[in-house]
1. Considering only residues that are within 16 Å of residue 39 (Cβ to Cβ) and β-branched (Val, Ile, Thr), look in the range 82-136 and name the one that is farthest from the chain's Cα centre (by Cα).
2. Here is a list of conditions, (1) closer than 22 Å to residue 131 by Cα; (2) part of a helix (DSSP H, G or I), and residue 93 meets all of them except one; can you say which number that is?
3. Does residue 84 satisfy being of a type outside the set (A, V, I, L, M) and either at pLDDT 90 or above or in a helix (DSSP H, G or I) (or both)?
4. Taking residue 100, is it touching a Pro at 6+ places or on another chain (Cβ under 9 Å) and not charged (D, E, K, R)?
5. Look at residue 109 and say whether it is open to solvent by less than 30 Å² (accessible area, probe 1.4 Å), at pLDDT 90 or above, over 30 Å from residue 132 (Cα atoms) and part of a helix (DSSP H, G or I).
6. Just one of 128, 115 is surrounded by fewer than 14 Cβ atoms within 10 Å (Cβ to Cβ) and outside any loop (DSSP other than H, G, I, E, B); which is it?
7. Among the residues of the range 56-67, is any open to solvent by 60 Å² or more (accessible area, probe 1.4 Å), under 24 Å from residue 135 (Cβ atoms) and modelled with pLDDT of 95 or more?
Amino acid sequence: MSTPHLPHYDAARLPTSPPLGSPAPAADRDRLAWIAPTVATVLLLVLGPAALLFGGLSAMATDSCGPDDCSQALETALSLIYGTLFFGSFLTFGAWLTSWVLPWTRRWSALRAALAAAALLPPVFVLLLVFTLPQG
């Protein structure tokens, strides 16, 4: 009875990988990872309050036509503004926070930039709707 031939085990030739939970190697770190979230933060400090202020004041567009005689286009635009102010705030906060907490490696650079840009979309959309309100 013979034993099957097993290849020789040589620990020096086995590939090594860092243990789980260890930080990424310095070569994989993205030194510019802070730029996209910082730009989004600065822009949100301006766009967020402006969208909230102008979106809140947009109800005054119905002053000339009264609450019952306004056009359907104006009512739809106001509904979109208030819906975006409410639901868009969750999207904005989630995308902004995620762009900051993603690992600062090159692998996540594109997603970090996309999330930082996505965080700006709801306030920009509200401002666009406010400045293009149809007549009542």
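1. Restricting attention to the range 82-136, the residues satisfying the condition of being within 16 Å of residue 39 (Cβ to Cβ) are 92, 95-100, 102, 104, 109-121, 123-124.
Then drop every residue that is not β-branched (Val, Ile, Thr), which leaves 92, 98, 124.
Working: 92: 6, 98: 7, 124: 13 Å.
Per the stated criteria, the residue is 124.
2. Among (1) closer than 22 Å to residue 131 by Cα; (2) part of a helix (DSSP H, G or I), residue 93 violates only (1).
3. Numbers: of a type outside the set (A, V, I, L, M): yes; either at pLDDT 90 or above or in a helix (DSSP H, G or I) (or both): yes.
Answer is yes for this residue.
4. Working: touching a Pro at 6+ places or on another chain (Cβ under 9 Å): yes; not charged (D, E, K, R): yes.
For residue 100, the condition - touching a Pro at 6+ places or on another chain (Cβ under 9 Å) and not charged (D, E, K, R) - is met.
5. On the way: open to solvent by less than 30 Å² (accessible area, probe 1.4 Å): no; at pLDDT 90 or above: yes; over 30 Å from residue 132 (Cα atoms): yes; part of a helix (DSSP H, G or I): yes.
So residue 109 does not fit the description; no.
6. Values: 115 fails: surrounded by fewer than 14 Cβ atoms within 10 Å (Cβ to Cβ).
None of the others qualify; the one that does is 128.
7. Looking only at the range 56-67, we keep the residues that are open to solvent by 60 Å² or more (accessible area, probe 1.4 Å), and these are 57, 60, 63-64, 67.
Filter once more, keeping what is under 24 Å from residue 135 (Cβ atoms): 57, 60, 63-64, 67.
Filter once more, so that each one left must be modelled with pLDDT of 95 or more: none.
No: zero hits.
The values are calculated or read from the model by the stated rules, or taken from the named source; none is laboratory data. The structure presented is a predicted model; accordingly, all values stated were derived computationally and were not measured. For neighbour counting, all protein chains shown are included, and Cβ atoms are generated from backbone atoms with ideal geometry for every residue, glycine included. What goes into the accessible areas is simple: the full protein's heavy atoms, side chains included, and nothing from ligands, DNA or RNA. Shrake-Rupley method; radii C 1.70, N 1.55, O 1.52, S 1.80 Å.
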